Amino acid sequence: MPSAELVYLDHAATTPIDPRVVEAMLPYLRGGFGNPSSRYQLGMEALQALSSARATMAQLLNAAKPPEIIFTSCDSESDNLAIRGVAQALRARGRHIVTSTIEHHAVSHTCQQLQRDEGYEITQVPVDAHGLVDPADVAAALRPDTVLISIIYANNEMGAIQPLAEIGAIAHARGVPFHTDAVQAVGHIPVDVQALDVDLLSLSGHKFHAPKGVGALYVRDGVPCRPLQTGGGQEFGLRAGTENVPYIVGLAAALRLACEELSAEIPRLTGLRDRLVDNVLAEIPDSFLTGHPQQRLPGLASFVFAGIDGEAAQLHLDMRGIACSTGSACASGEDSASPVLLAMGVDPRLALSALRFSFGRGTTEAHIDRLLAVLPGIVARLREMSPTYKSVH
């Protein structure tokens, strides 16, 4: 876990491994090291652990059967397998993909490469000022040659939660497979693949207190998908390579813990989030919440502050023992402003001031108090040095 001195408010980037997850993994890091493809006792024990983890994941996500869960190394691999796998499998039907303007790079860059190198056409549906996709725009974008819809469930930068069930109904009325990158949602809000009406769903363990390096892709039975890597035929032919049994066990344990604690964590984190939002907006002039005020992740608050640079504010917070994210890949120049915020209509200069605070199992009211004690002063000092802010005031 992070040190007692550090206020860690960047759980959307990664989470510390829960000690209970480590305990679940230890037997398979020590004596239970067998290869699950080996047909002797040590291998069969590993296979049993793998099968049990798969069944747990399927149950918690409400998949129809365990083989619909394919274990991967991370969400990016899961996104690639979903998008490339379906696009290749349905290539004879068409080369058109519908996605949104606020996707994670694992989706957007994959689609861009398919467009550039393989002749696919990509339609990006817009979002409103709160970062929400209108299902009617998805419906309008569909064509006879559309082979896939991919819409993020909860955005990683500003936390808006998309109306997936409505989009799923549209997709299936038109016979188009529907994928969602749910990396920020799984373990933080209820995720039921049947209720969401999705065909493919990507997730990554390090977002909910499992180790880095393990993820999964739900693939509804019957959805055509080709493997990205071939070899021994593991993961029902969709992902060759010896399975990482200890990490897969940890993934299932972490998701089980997250789901068991969800009913208590959602209101707790929502309370911390709303307290932070209310105080920041009240105490810091010209500060703005990004994303929908209610239809958002319980443990994520994201802001822009007129007249400051987000990375400068991040560094000042870091010097005071508070870790957060800028929500943008780079800090200088309009070209580096977050594409997500720009897609929502945020002014490019204002988008460069973005800060994202995301909470987890160890976040407390005292952590929010420490942030609120220093953030207004940091913003004020940065504004004093900002000729842009002075010129508009």
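Remark on Leu238: its backbone amide H falls under 5 Å from none of the residues 5 or more positions apart or on other chains, H modelled at 1.01 Å from N. A simple spin-label model places the labels of Asp278 and Ala136 3.5 nm from each other, with each point 7 Å out along Cα-to-Cβ.
Charged side chains reduced to their Cβ positions (Lys and Arg at +1, Asp and Glu at -1) give the chain a dipole of some 700 debye around its Cα centre. Taking amide H as placed 1.01 Å from N in the peptide plane, the amide H of Ser150 sits under 5 Å from that of Val98, Thr99, His179, each at least 5 places away or on another chain.
Between Leu228 and Ala323, the modelled label-to-label distance comes to 2.6 nm, taking each label 7 Å out from Cα in the direction of the beta carbon. For the range 24-177, the C-alpha radius of gyration divided by 2.2 N^0.38 Å, with N the number of residues, is 1.27. Using the Karplus relation 6.51 cos²θ - 1.76 cosθ + 1.60 with θ = phi - 60°, the per-residue 3J(HN,Hα) values for the range 353-361 come to 9, 5, 9, 10, 10, 10, 10, x, 4 Hz, with x marking Gly and Pro.
Put a plus charge on the Cβ of each Lys and Arg, a minus charge on the Cβ of each Asp and Glu, and nothing anywhere else: the dipole of the range 286-387 about its Cα centre is then about 300 debye.
Note on the range 141-190: Kirkwood radius taken over Cα pairs, Stokes-Einstein applied at 4 °C and 1.567 mPa s, translational D equal to 111 µm² s⁻¹.
With a ≥ b ≥ c the root eigenvalues of the C-alpha gyration tensor of the range 1-95, is it rounded (a/c under 1.5), prolate (a/b larger than b/c) or oblate? Since a/c reaches 1.5 but b/c is at least a/b, the shape of the range 1-95 is classed as oblate.
For the chain, the convex hull spanned by the alpha carbon atoms encloses 135 Å³ per residue. A compact globular protein would have a Cα radius of gyration near 2.2 N^0.38 Å; the ratio found for the range 40-107 is 1.47. Once each of the chymotrypsin sites (Phe, Trp or Tyr not before Pro) sitting in a DSSP loop with at most 16 other beta-carbon atoms within 10 Å is removed, the chain keeps 41-393 as its longest stretch. Does the range 92-230 classify as rounded, prolate or oblate by the C-alpha gyration tensor (a ≥ b ≥ c root eigenvalues; a/c under 1.5 gives rounded; else a/b over b/c gives prolate, otherwise oblate)? Rounded, because the longest to shortest axis ratio a/c is under 1.5.
Taking the 0 to 90 degree range and rounding to the nearest ten, how far is the long axis of helix 365-384 tilted relative to the main principal axis of the chain, both from C-alpha atoms? Result, in degrees: 50.
The label point for Arg116 and the one for Phe33, both projected 7 Å from the Cα toward the Cβ, are 4.2 nm apart. Across the options Tyr218, Pro144, Met385, the greatest Cα extent toward the positive end of the charge dipole of the chain (unit charges at beta carbon of Lys, Arg, Asp, Glu) belongs to Tyr218.
Which percentage, to the nearest 5, of the DSSP beta bridges contained in the range 71-187 is antiparallel? Percent antiparallel among DSSP bridges in the range 71-187 is about 15. 3J(HN,Hα) along the range 45-60, derived from phi through the Karplus expression 6.51 cos²θ - 1.76 cosθ + 1.60 where θ = phi - 60°, amounts to 5, 5, 4, 5, 5, 5, 5, 5, 5, 5, 5, 4, 4, 4, 5, 5 Hz, with x in place of Gly and Pro. Binning at 10 angstrom from zero up to the longest distance, how are the C-alpha pair distances of the range 97-158 distributed in percent? For the range 97-158, the pair-distance distribution reads 22, 55, 22, 1.
Across 5 Å bins from the origin, how do the percents of Cα pairs in the range 204-276 run, short distances first? Using 5 Å bins, I get a P(r) of 3, 13, 16, 17, 17, 13, 7, 6, 5, 2, 0 for the range 204-276. Note on Met385: accessible area approximately 130 square angstrom, rounded to 10, probe 1.4 Å, nucleic acids and ligands left out. Averaging the sequence gap over all C-alpha pairs within less than 8 Å and six or more residues apart, then dividing by the number of residues, gives the chain a relative contact order of 21 percent. Among beta bridges identified by DSSP and lying wholly in the chain, the antiparallel ones come to about 55 percent.
Taken one residue at a time, the phi angles of the range 342-352 give Karplus couplings (6.51, -1.76, 1.60, θ = phi - 60°) of 4, 5, 8, x, 6, 4, x, 5, 5, 4, 6 Hz. Gly and Pro are set to x.
Measuring with a 1.4 Å probe in the full set of protein chains, what accessible area per residue, in whole Å², belongs to the chain? I get 40 Å² per residue for the chain. For the range 1-61, the list of trypsin sites (Lys or Arg not before Pro) that fall in a loop by DSSP and count at most 11 other C-beta atoms within 10 angstrom reads Arg30, Arg39. Under a 5 Å amide H cut-off, with hydrogens placed 1.01 Å from N, Tyr120 pairs with Gln115 among residues at least 5 apart or on other chains.
The values are calculated or read from the model by the stated rules, or taken from the named source; none is laboratory data. Nothing here was measured: the structure is a model prediction, and the numbers come from that model. Because the Cβ atoms are built from the backbone with ideal geometry, glycine has one as well, and the counts that use them run over all protein chains shown. Ligands, DNA and RNA are excluded from the accessible area calculation, which covers all protein heavy atoms including side chains. Shrake-Rupley method; radii C 1.70, N 1.55, O 1.52, S 1.80 Å.
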